[in-house]
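Colleague: This is the structure, below, for whatever I ask next.
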Amino acid sequence: MELTIFILRLAVYILAFPMYLLNFLGLWSWMCKKWFPYFLMRFSVMYNEQMASKKRELFSNLQEFAGPSGKLSLLEVGCGTGTNFKFYPPGCRVTCIDPNPNFEKFLIKSIAENRHLQFERFVVAAGENMHQVADGSMDVVVCTLVLCSVENQEHILREVRRVLRSGGAFYFMEHVAAERSTWNSFWQQVLDPAWYLLFDGCNLTRESWKALERANFSKLKLQHIQAPLPWELVRPHVYGYAVK
């Protein structure tokens with residue numbers, strides 16, 4: 001099996017050679033940062049349609065973590081185009097972080113469409129280094145379809161715990177590696193290197209639930225599901241929340 005995966009990966013490398021050449025020359029990342037927001041805007045519409053019930057279930061108890069004032073301070077890491085906004089409760093104070101500044105114009109549109117929220121600011125930063133956000137300043141941190149593409153999951157989860165107040169919660173919904181010894185797992189391993197470049201650092205084979213289990217939250221509620229998505233490769237998901 002491993003030899004077959006190696007041979008097929010080699011074939012993928014050969015077919016995708018122009019993409020790898022552009023990456024070697026330092027041009028591919030720049031191109032991805034420009035086009036990826038447009039792709040994500042369209043993909044997110046489809047994803048929200050298919051996952052709406054799961055997102056409503058996931059975010060149904062957000063307000064329970066509001067501070068003494070009753071206002072919920074929420075930080076969304078890897079906010080993208082702001083497609084989660086409509087699932088947040090009225091009056092929620094939202095701060096957004098994303099390393100790609102090209103998402104800002106899409107966020108402005110989402111903010112205009114979600115007047116029930118109080119938008120605080122957009123910070124251009126990686127989730128592994130959110131020094132612009134003070135310790136213990138957030139009631140909730142949200143991260144959806146982000147742990148697949150961060151450079152270091154342990155670092156970002158440490159940052160999440162740092163910015164959360166005691167008793168605050170981290171909400172997540174992520175596509176993950178398929179169960180081993182399945183055909184889906186086989187093709188995830190074959191296509192992962194090319195997928196990583198094509199979709200701006202996204203990994204198909206990450207077992208993100210393991211990083212969440214190691215993150216030292218006081219409580220972790222996590223479920224594995226097969227998402228009702230047309231792309232078989234990204235159907236395996238985990239979602240839930242963890243309490244600091």
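Colleague: Look through the stretch 145-171, keep the residues that are of a type in the set (Gly, Ala, Ser) and at negative phi, and return whichever of them is nearest to the chain's Cα centre (by Cα).
Modeller: Ser149
Colleague: When residues of the stretch 166-218 are filtered for being in contact with a Lys or Arg (Cβ under 8 Å, 6 or more places away or on another chain) and surrounded by fewer than 16 Cβ atoms within 10 Å (Cβ to Cβ), how many remain?
Modeller: Total satisfying the criteria: 4.
Colleague: OK, next. Which is in a loop (DSSP other than H, G, I, E, B) and crowded, with 19+ Cβ neighbours inside 10 Å, of Val140, Val150?
Modeller: Val150
Colleague: Could you identify the single residue in Val12, Val77 that is within 20 Å of Val160 (Cα to Cα) and either crowded, with 19+ Cβ neighbours inside 10 Å or of a type in the set (Val, Ile, Thr) (or both)?
Modeller: Val77
Colleague: Looking at the stretch 165-195, which of the residues that are among the polar types (S, T, N, Q) and in contact (Cβ under 8 Å) with a residue 24 or more places away in the chain is nearest to Val77 (Cα to Cα)?
Modeller: Once the filter is applied, the top-ranked residue is Ser166.
Colleague: Output the residues belonging to the stretch 234-244 that are open to solvent by 30 Å² or more (accessible area, probe 1.4 Å) and touching a His at 6+ places or on another chain (Cβ under 9 Å).
Modeller: Arg235
Colleague: Yes or no: Ala177 under 16 Å from the mean Cα position of the chain (by Cα), at pLDDT below 95, under 30 Å from Phe17 (Cβ atoms) and not in a strand (DSSP E or B)?
Modeller: Values: under 16 Å from the mean Cα position of the chain (by Cα): yes; at pLDDT below 95: no; under 30 Å from Phe17 (Cβ atoms): yes; not in a strand (DSSP E or B): yes.
In short, no.
Colleague: Please pick out the residue among Ala169, Ala134, Ala126 that is among the aliphatic types (A, V, I, L, M), within 27 Å of Pro228 (Cα to Cα) and out of contact with any Ser or Thr (no Cβ under 8 Å at 6 or more places or on another chain).
Modeller: Of Ala169, Ala134, Ala126, the one residue that is among the aliphatic types (A, V, I, L, M), within 27 Å of Pro228 (Cα to Cα) and out of contact with any Ser or Thr (no Cβ under 8 Å at 6 or more places or on another chain) is Ala169.
Colleague: Across the stretch 16-58, what is the total count of residues that are without any contact (Cβ under 8 Å) to a residue 60 or more places away in the chain and over 21 Å from the mean Cα position of the chain (by Cα)?
Modeller: Residues meeting the conditions: 8.
Colleague: Could I ask something else about it? Since Leu72 meets every condition but one in (1) farther than 20 Å from Met46 by Cβ; (2) open to solvent by 10 Å² or more (accessible area, probe 1.4 Å); (3) not small (Gly, Ala, Ser), which condition does it not meet?
Modeller: Checking Leu72 against (1) farther than 20 Å from Met46 by Cβ; (2) open to solvent by 10 Å² or more (accessible area, probe 1.4 Å); (3) not small (Gly, Ala, Ser), the one that fails is (2).
Colleague: Next question, about the same structure. Output the residue which, of all residues in the stretch 93-110 that are surrounded by 22 or more Cβ atoms within 10 Å (Cβ to Cβ) and in contact with a helix residue (DSSP H, G or I) (Cβ under 9 Å, 6 or more places away or on another chain), is farthest from Ala66 (Cα to Cα).
Modeller: Here the answer is Phe103.
The values are calculated or read from the model by the stated rules, or taken from the named source; none is laboratory data. It should be emphasised that the depicted structure is a prediction, and the values quoted were computed from it without experimental measurement. Neighbour counts are summed over all protein chains in view; Cβ atoms, including those assigned to glycine, are modelled from backbone coordinates with ideal geometry. Ligands, DNA and RNA are excluded from the accessible area calculation, which covers all protein heavy atoms including side chains. Shrake-Rupley method; radii C 1.70, N 1.55, O 1.52, S 1.80 Å.
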